[in-house]
Each structure stands twice: as structure tokens, then as C-alpha cells.
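K.L.:
Here's a structure for you.
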Amino acid sequence: MLLMECELIALRMRSPPLGFRFMFPNKLRTTSSRSLFVSIRSNSLSCAALSVVESNPTNDSGLSNTQNSLTLVHEGSRRIPRNELSRNWTNSVSLNEKVERNVRSIRLVNLDSKESLRRYSGMLRNCTSKGCLNEGRAIHGQVIKSGIDLDSHLWVSLVNAYAKSGSPVCARRVLDVMPERDVVSWTALIQGFVAEGGGSEGVRLFCEMKRDGVRPNEFTLATGLKACAICMNLSFGKQVHAEAIKVGCFSDLFVGSVLVDLYAKCGEMELADKVFFCMPEQNDVSWNALLNGYAQVGGGKDVLRLFCRMRESEMKLSKFTLSTVLKGLCHLREFERRPSCAFCGNQNWVIAKKPLSYFNSMRYAGVPPNEFSFSSLVSVASDLGDLQYGESIHACICKYGFENDTSVNNALITMYMKNGSPQAGSRVFEAMRDHDLVSWNSLLSGCHGYEICDLGPRIFSQVLLEDFMPNMYTYISVLRSCSSLLDLGFGKQVHAHVIKNSLDGNDFVGTALVDMYAKSRCLEDADIVFNRLINRDLFTWTVIITGYAQTDQAEKAIKCLSLMQKEGIKPNEFTLASCLSGCSRIAAMETGKQLHSMAIKGGHVDIFVSSALVDMYAKCACLEDAEAIFEGLVLRDTVSWNTMICGYSQHGQGQKALETFWTMLDKGTMPDEVTFLGVLSACNHMGLVEEAKKQFNALSENFGITPTVEHYACMVDILGRAGKFDEVKCFIENRKLAPHALIWETVLGACKMHGNLEFGEKAAEKLFELKPEIDSNYILLSNIFAAKGRWDDVRKVRELMSTRGVKKEPGCSWVEINGQVHMFVSQDGSHPKIREIYLKLEELGQKLSSVGYVPKTEHVLHNINDREKREHLNHHSERLALAFALISTNHVKTIRIFKNLRICEDCHDVMKFLSNITNQEIVVRDIKRFHHFKSGTCSCQDYCNHVPRVTIQGKETSIMKSQVSFNPWYGSNHVPRVTVQGKETSIMKRQGQVPPVIQKLECLKNAAAAVVLDSFDANSFTEPRFAPSC
């Protein structure tokens, strides 16, 4: 019915001017939720107000004053709840009758054209002053129906009425059809968009006005600067500043005040200060703008200094001054006593040590607090992160009766959301009678934490359903939620809304978009958004650099760092830490050293950078350098301790890792989830099954940490490597770990090591269901079948891979020589020096044969002859990298090789031999750990590739440390113990009691020999015969 009524209105218009016909289209779109003229917020009321134009103009009514005729009209800036629409519709009927009589009265008296225009303009001014959008539309409809020719004054009145009544879009349409657009009409339109928070649109309109040849006046310049302040467009603000100087408006009080506000909001306090003190005169607005700027940047002393100066100038304080000064002073931990400072009248105020006591002093002096004072105090509680302080202010707010004030409630919502109490923030929001956009933004502001980040998209959707226009802060908050959720799909929808609302050029929104795309690993989209940003600050650069670093694109991260410095932006500790993290991932040690030098020169060697340096050197196989940096740390947090513990574990120094863990506890640093991952990894490397069980239980029992799937996988790996498959099965069943692919990947690796075909097939079946796209699962099962000689099953597994489109990741190794990375793949023939590399391998092969090396062709899991297997082993990627390093370097101390897969057992043995033959230290970092080869030994003690076994009296026994209990608390006097055949026995070199077999096993460092000391007579022992697999 309402749409039909609007159509009748449009059809009954009689010959309106051509430019006005767009306002009432002949056919309204019934499928659209928003028409050109009728707002979606008050569709029914708009139609009711417009119904006056279809009434019979012959009905007589006296001329009456329209000043109070529209007391019930809903203002455009306020949203009507749906449950009030029916009541408002009834009220609007009588309202429309009044409006109809008022606008019809002009036609009843025989007025000339000029008088009619004057009266229409006066009526529009009245409805503009009250913000009555519906009355303005009704008057506009009557103007159209009258067919009167508009003068410039009435045109401007229409633009002004729509702009200031919350409908700048309609104001823009009126401006588009104006025959002559002057500076007043442009200024009114820009003011309308600025009032609605459309800073970017205001800037765009200012530019369009300049292109239209209209010269701005002081009001236009002030409005344009306010638009720049809203969208934080400092660059364009400086251009408007220059324009103000050019046209001679710089000395204008309003222009100067807005300039101070712009520079203060953008953090350019030096410029704000210069503009302020260059102004011929200052008013309370300019003083408050400068005070607020210093308060925002935490300049409490500057706020106090400026306030005292303000009092000396005898400037009358406004209601905003006190709240601004409170906000600034709260950043100071202790205030001086300044009896000369007075906030009001002649009262002397003593600035207390805490803001709350200062606030109480104000109350005791008889100065009642207002909503601005409370808003500022709540904002301080938000900044301090003090929830209890905020709750006490909330109680005071209720006591003084401000619990229904919108601005105070908005500040409370923000405080609760940012201080980790979203439930309390939601309760405040729900108790509010009316919500504005700031209320929704406050609710969104705390929804980027990982516990409640899923609320962000839902709140944003509700904002749109409630017909609010999102602004910059709305988009930033919801994009942060998308970043936390890694919800790329919803993030792209938000990006579309940003473009639609012309905020894609906003630097802050753009930075949030870059962060969302980078964390979602869409670096191409992040790069596109980044390159479109005009003003890229340090934070924006750090976001894109971190994105590249976290996706193993360290080269691009370093390139961005170089470009950032060329633009004159110096990196901070977070930028350097991100770059170092990228170097750690690809083991770019030379680049990492350059960043280390840069950090020292720039004075950025804080705990963040130091922890990143420890991690970088540890992952680049420079454990000594990592230790040196760690020992030099004055303050060590949990992250730095974790970095060192995990570094030791990765380098095979499990005992040092455990000792570092106990030292960490001695120093009073609480461990976290990552700490125990490093500890369990150390136990795994050393084969300390019982110790690992103790630490795993302590994880939850002693430290209250909930184990993650990674912790469970560590325990499964420890038990699996020890061959305790029955315990593994019970552990998985009791902990209900069957749905986790990581658990079955660990089981499959243990089955490959021990040749457990049955359990390995079960694990592979689970993995094919959970993660059918992972190639390593097929490869491991194929290798288990190949080791058993079941080549038909190997072929079936490979056919399954092919059917599912899974391709094996090729094994590759790389080595850095003279700052350049050289990469090799197995059987590679593409390197420019491949001929010299093959010749070097032949030379090394002869030396290996001379020292008794025999290739372990059983590890070549291909159905080929022995000669082909030996050739295949000889051209593995890590050997090619080693040969290239040997022909390219001049007796370097250490050769560092990096590999994307695990090193095979045969290459492991070759590296040990060659480290002794060439007298070179060789470090290989594979996907699991570091291997330090030196003088014929490896730091992993051969634990990583196979299980040493020994035959004693015809019985084959595993030499494992699986039952050894080790605790660094006991120091060097601790006696290792081993449990054999259910009996715990000490393993000590006691004179006359230790059999020869123990001394023979001394070559296996840190291993406890699984020998029964009491089950056999010492004289019955014979020389051990090692199985070929050892």
C-alpha cells in the first residue's frame, strides 16, 4: 500500500521542473530495500509525510506557524525500533494533517512568486534547525507540485535541509541538478557528509568543487579540514592548509581551530603546536583540540603545562576541558602538586597521585561530574587495562544517574571489551535504550581476541541489518576479527563493502585489509592492497613484512625492508624481529647477520629482537652464537627460554635442553605449552621414556596447562620410537586421539622405523581418510611395503597416489656459498658445475671405500639392481650439495646443508665418514632436526634413523634409553638406572663389577645398555656381536 501511495504521489505531480523528476520516479523498485528518496529507516513515515502533496489544495485552512507542527516526526539520524512502527504510523496521520495545512496555507493566500520562495525557504530553515527530514521532504514535494521556478536561495535551502537532516545522498542529487552551484551549496553538501562521518566522501567532494571552478571560503576550508580529520588524511589536510594560506583564510579562527584538531588527531603535535600559537586568537575549541591531542599521545606533562597556560590566559573553560585534562593526566603515574591550577572558578585544585582520587577531590569540592568526565575516566580504565578500576567508575556512574547516557555507555562497552570482559560489555549494550554506530563499534572493538573473535562477523552483519552505515572503525574491527579467525571469505565480503563505501583509499582500513590477507596467506591480494596505499607508515610496512616472513618468503620480506628504508622509514624492533623470523625459516644466515648488525646500530636489541636472533642462529646451525646471545640477555621471558630449549632439542643436545628447563624454573619463569614441546622433544631424542611421562603428567597436574595435540603426538613418537606399540594403542584409545591426523602420522613414522607392517597399514588407512592429499603418508606406507619386498603393494600405493592426484614432493637440499643459495635435487644435472660435482663425488667415493664404507642399498626402496641402487644413493641431493661446497670453499670451518626431507640412513653414515676424511665440520638440517657431523660422529648419536641392537648370548636386545630416568636436578652425581626384565638396576662403572659389555658400549654416548647385570654371571659374558643394522 505504501509503495502504491508513493506511485500515486509521483503520478499526480503536475509539470515539475526537469531537474526534480529524479526525486520521485514513476516506478519504484519493489525489490530494492532502499529507494532514491525514501529512507529504509523510516519508510512508512516518509510516505506518510509525503502524502500531503496528493491532498486537495482547495481545502481551506488558515495560515499557521510551522514552528511546532512536527514534534513527532522521526529524525533521520535516529533509527526507529520495529516494534514502534505501528504506534508511530498512527501518530504520523495526525502529523501529516498538520503538515498538509501548513504547506497548503502558502497557496491559499495570493502571494507573488518571490514571497512564496521566501516562505518556502523559511519553512525549510525551520525543519533544518529541528533536523526533521520528513517535514523537509513534504515541503519539497509541495514545491514540486506548485511548479514554481526556484531561485538560488531555495536551491541552497533544499541542499542544506537534506544535508543537515541526515540525508546527504538526496542533497547530492539536488546539487547535481542545480543550474548554478555556488560555494554555499557545495559547503552545505560537504557539511552533510562530514556530519554523517563520511570523511572520505567529504574530501572527494572538496576536490570535485575545486574542479568545478568554485573557490572555497573559510567555511568550506574548515569543513574540508574536518573531513580530513575524520578519515585521518593528513596529506590532503596539508594541501587544504596550503589552500587556506593561498586564499587568505589561515587567520580565520574556525580554520585555525580545525587545523589544530587535524594535526592533533594525526599525532603531528609539533605542527598542531605551531598552528595554535600562530593563530591571532584562540578560543576554547582550539585549546581543547590541542589538549586532546596531547592527551591522545600520552603527553600528560604537556597537558598539565598547557592547561596551566590556558588558565593564565583567562580563557573560559568549556565542559569538555575537564574530561580532556583528566584523560591526559591519567597517563602520569604521579603528579606534582600545583595549587595554582584551578578547573573552575576560584577553587584551588590539588592534583592527586591517582586519577580517581583527583576525581574525588573534584566531587568533594562541590563540582558535580558530568557525562564527559565519566567518559574520560572510563577511557582511562580502558587504556590502563584495569578492570576493577573500570567497574568502580561504572558504579559511580550509576550512582550519579548517567547509566542511560549513550556516550558513557559506549565508553563502558569499550572498556569491558578491551579488558577481557565481553559478557559485561554485552550486558551494557543490551541495556541501552538507543544504539548509535559508536555503540556497535564499541561492541566490535574487543571481538578480535581468539576467544570471542567469532562474534565479530555476526555483529557486523547485525550492524548492516539495523541500517547503520559502517565507518572506518567498524571496518577495522571486523577485519581484525577476520584476521584472527582466518576467515578469508567473510574478509573479502567486508572488502567489497569497503570499496562500495569509498573507504578503500583510507590508510588505516587498507592496513587492516593487508593484515587480513597476509594472515590468511593470500599475499598476492595483500600486495595489491598494499601498493594502492598512499601513506604507508611503519605499522603498514611491518604488517606486509610479517606476512612474507610467515609464509617462508624471506627474500621478499628483506626486499620490503629495503624499500621501506628508501622511503625514509626506519624499522623498529617488531619489523626486525619479523625479518629475522623469515631468515630462520629459510636458514638465510648471511642476511640474518646483516639484520643483527642493523639492530645493534639502531639500538633495537631488546628482548623481542634478541629472542628472534637466538632463534635465527639456532635454526641456521650456529648454536654457539645462539648461546652467546642468550647468555647476554639481561631479562629473559618465556619466549627466550623456549627458544633456547627448543634450539638445544633440535640440535640433538637433549641434556642441555633439560638443564635449561630446570634453570628456567629456578629463575621463577613459568613454562607454557611451547616449553613442554621442547622438553618432550629432548626426552624423545635421548630416549627417556619415563622422564617424558613425568613431564607430560606435570604439564597439566603441576602447571595447569591443557595438553594440545602436539603434546600428545610427542608422547606417541616417544613410545613409538621405543617400540612400545601396545602402549601407543592404549594411549590413543584412552586419550581419544583417533580423529587427529598428526597422531597417525607419528604412528606411521614409528612403524616405518620398526617395520611394524600391521599397525602401519592401520595408521595409513586412517590418514587416507583424514588427509588424503598429504604425499608423505603414501610414501611412508610404500617404503614399509618396499622394505618387506612387497612390490605389488608398493605399486598399488603409487597407483592410489596417481588416482587421487597426489604428487610426491621432490627431495631437495641447498647450501649457501658466498651469500648465494644453491639448490640441488636428487640425480640433479642442471647445475652449471655439475661435472665438477660428479668428479668430486667419485673422488670421495674412492676415499669412502678405503675406510670400509659399504653402501646400504636396502634403503633404496626401488625395484632395481644393486649397481643402480649404489648410483642412486651416490647422487642424493645432500651429497651433491656437500660436493659443491667442498669444491667452492677454501677450508671453511663449517659446511651447512639444509634439506626439506629427512636424511636417509646411508647419507647419514656417509656424512660421518666424510667429516673425518675431509676434516670438516658438516651440519645438515633436515625436516626433523640438526645433525652435527664432526670427526666421524653425529650429534644425534645415530638415534634418529635406526634403533641400535646388540646380540648377547644368542639373544638380540634393543639398546635403548627407554627406561632411563634422568633429572638434571641431581647434577653429575646422578646414577642412571635401567629396568630390564622388570627389575631396576644401576649402571655404574664399579671396579670389578661392570662386565666388559658395558665398556664396549661406551661408544654409544648417553645410552643405557639394556643388559641384565644380575640375571647373568659376570664371567659368562662374551664379546657382543652387533647386528648389521647398527
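The values are calculated or read from the model by the stated rules, or taken from the named source; none is laboratory data. Bear in mind that the values here come from a model prediction, so they are computed numbers and not experimental data. Cβ sites come from the backbone with ideal geometry, for glycine too, and all protein chains shown count toward neighbours. Quick note on the areas: whole protein, heavy atoms, side chains included, nothing else; ligands and nucleic acids left out. Shrake-Rupley method; radii C 1.70, N 1.55, O 1.52, S 1.80 Å.
K.L.:
Given the criteria touching a residue at least 12 places away in the same chain (Cβ under 8 Å), part of a helix (DSSP H, G or I), out of contact with any Cys (no Cβ under 6 Å at 6 or more places or on another chain) and over 19 Å from Leu503 (Cβ atoms), does Ala229 qualify?
P.N.:
The answer is no for Ala229.
K.L.:
Please enumerate the residues belonging to the stretch 598-612 that are of a type outside the set (Val, Ile, Thr), open to solvent by 50 Å² or more (accessible area, probe 1.4 Å) and in a helix (DSSP H, G or I).
P.N.:
Met598, Lys601, Phe608
K.L.:
While we're looking at this one, here's another question. All but one of (1) open to solvent by less than 20 Å² (accessible area, probe 1.4 Å); (2) at pLDDT 80 or above hold for Val258, so report the exception by its number.
P.N.:
(1)
K.L.:
Of all residues in the stretch 731-744, which are open to solvent by 10 Å² or more (accessible area, probe 1.4 Å) and not in a helix (DSSP H, G or I)?
P.N.:
Lys736, Ala738, Pro739, His740, listed by residue number.
K.L.:
Considering only residues that are not hydrophobic (A, V, I, L, M, F, W, C) and not in a helix (DSSP H, G or I), look in the stretch 760-800 and name the one that is nearest to Asp717 (Cα to Cα).
P.N.:
Lys771
K.L.:
Follow-up. Inside the stretch 487-507, can you point out the residues that are under 19 Å from Phe530 (Cβ atoms) and either part of a helix (DSSP H, G or I) or within 18 Å of the chain's Cα centre (by Cα) (or both)?
P.N.:
Those that are under 19 Å from Phe530 (Cβ atoms) and either part of a helix (DSSP H, G or I) or within 18 Å of the chain's Cα centre (by Cα) (or both): Leu488, Gly491, Lys492, Val494, His495, Ala496, Val498, Ile499, Asp507.
K.L.:
Return yes or no: is Val184 of a type in the set (A, V, I, L, M) and either in contact with a Leu (Cβ under 9 Å, 6 or more places away or on another chain) or open to solvent by less than 40 Å² (accessible area, probe 1.4 Å) (or both)?
P.N.:
Criteria not met by Val184.
K.L.:
Among the residues in the stretch 676-685, are any within 25 Å of the chain's Cα centre (by Cα), surrounded by 18 or more Cβ atoms within 10 Å (Cβ to Cβ) and outside the structural domain of Ala722 (by the TED database)?
P.N.:
yes
K.L.:
So, Arg458, is that one at negative phi, among the basic types (Lys, Arg) and either open to solvent by less than 20 Å² (accessible area, probe 1.4 Å) or not in a loop (DSSP other than H, G, I, E, B) (or both) or not?
P.N.:
Against the criterion (at negative phi, among the basic types (Lys, Arg) and either open to solvent by less than 20 Å² (accessible area, probe 1.4 Å) or not in a loop (DSSP other than H, G, I, E, B) (or both)), Arg458 qualifies.
K.L.:
Would it be correct to say that Val747 is part of a helix (DSSP H, G or I) and touching a Ser or Thr at 6+ places or on another chain (Cβ under 7 Å)?
P.N.:
Criteria not met by Val747.
K.L.:
If you go through the stretch 547-561 one residue at a time, do you hit one that is more than 22 Å from Ala577 (Cα to Cα), modelled with pLDDT of 90 or more, within 13 Å of the chain's Cα centre (by Cα) and not polar (S, T, N, Q)?
P.N.:
No, because not a single residue in the stretch 547-561 is more than 22 Å from Ala577 (Cα to Cα), modelled with pLDDT of 90 or more, within 13 Å of the chain's Cα centre (by Cα) and not polar (S, T, N, Q).
K.L.:
Can you name the residue in the stretch 273-292 that is in a helix (DSSP H, G or I) and farther than 21 Å from Phe372 by Cβ and, of all such residues, is nearest to the chain's Cα centre (by Cα)?
P.N.:
If we take residues in the stretch 273-292 being in a helix (DSSP H, G or I) and farther than 21 Å from Phe372 by Cβ, then Asp273 is nearest to the chain's Cα centre (by Cα).
K.L.:
Within the stretch 523-549, count every residue that is surrounded by fewer than 18 Cβ atoms within 10 Å (Cβ to Cβ) and not acidic (Asp, Glu).
P.N.:
Of the residues in that region, 7 qualify.
K.L.:
Examine the stretch 810-826 for a residue that is farther than 26 Å from Arg585 by Cβ and surrounded by fewer than 18 Cβ atoms within 10 Å (Cβ to Cβ), and state whether such a residue exists.
P.N.:
No.
K.L.:
Output the strands (runs of 3 or more DSSP E) that fall wholly within the stretch 902-967 and possess 1 or more residues being at pLDDT below 50, acidic (Asp, Glu) and open to solvent by 20 Å² or more (accessible area, probe 1.4 Å), or say none.
P.N.:
955-958
K.L.:
Still on this structure, please answer the following. Could you look through the stretch 871-901, keep only residues that are assigned to a strand (DSSP E or B) and in contact with a helix residue (DSSP H, G or I) (Cβ under 9 Å, 6 or more places away or on another chain), and pick out the one that is most open to solvent (accessible area, probe 1.4 Å)?
P.N.:
Arg896
K.L.:
Tell me, which residue of the stretch 139-181 that is open to solvent by 10 Å² or more (accessible area, probe 1.4 Å) and of a type in the set (Val, Ile, Thr) is farthest from Arg215 (Cα to Cα)?
P.N.:
So, considering only residues that are open to solvent by 10 Å² or more (accessible area, probe 1.4 Å) and of a type in the set (Val, Ile, Thr), the one farthest from Arg215 (Cα to Cα) is Ile148.
K.L.:
Are any of the residues in the stretch 477-491 in contact with an Asp or Glu (Cβ under 7 Å, 6 or more places away or on another chain) and open to solvent by 40 Å² or more (accessible area, probe 1.4 Å)?
P.N.:
Yes; the residues of the stretch 477-491 include at least one that is in contact with an Asp or Glu (Cβ under 7 Å, 6 or more places away or on another chain) and open to solvent by 40 Å² or more (accessible area, probe 1.4 Å).
K.L.:
Given the criteria among the β-branched types (Val, Ile, Thr), over 35 Å from the mean Cα position of the chain (by Cα), outside the structural domain of Asp672 (by the TED database) and open to solvent by less than 30 Å² (accessible area, probe 1.4 Å), does Val728 qualify?
P.N.:
Considered against the rule, which asks whether it is among the β-branched types (Val, Ile, Thr), over 35 Å from the mean Cα position of the chain (by Cα), outside the structural domain of Asp672 (by the TED database) and open to solvent by less than 30 Å² (accessible area, probe 1.4 Å), Val728 comes out as yes.
K.L.:
Quick one: which residue in Ile413, Ile452 is farther than 23 Å from Glu201 by Cα, open to solvent by 20 Å² or more (accessible area, probe 1.4 Å) and among the β-branched types (Val, Ile, Thr)?
P.N.:
So the residue among Ile413, Ile452 that is farther than 23 Å from Glu201 by Cα, open to solvent by 20 Å² or more (accessible area, probe 1.4 Å) and among the β-branched types (Val, Ile, Thr) is Ile452.
K.L.:
For the stretch 788-796, check the following and say yes or no: at least one residue is under 23 Å from Gly723 (Cβ atoms), touching a residue at least 24 places away in the same chain (Cβ under 8 Å), outside the structural domain of His685 (by the TED database) and crowded, with 20+ Cβ neighbours inside 10 Å.
P.N.:
No, every residue in the stretch 788-796 fails to be under 23 Å from Gly723 (Cβ atoms), touching a residue at least 24 places away in the same chain (Cβ under 8 Å), outside the structural domain of His685 (by the TED database) and crowded, with 20+ Cβ neighbours inside 10 Å.
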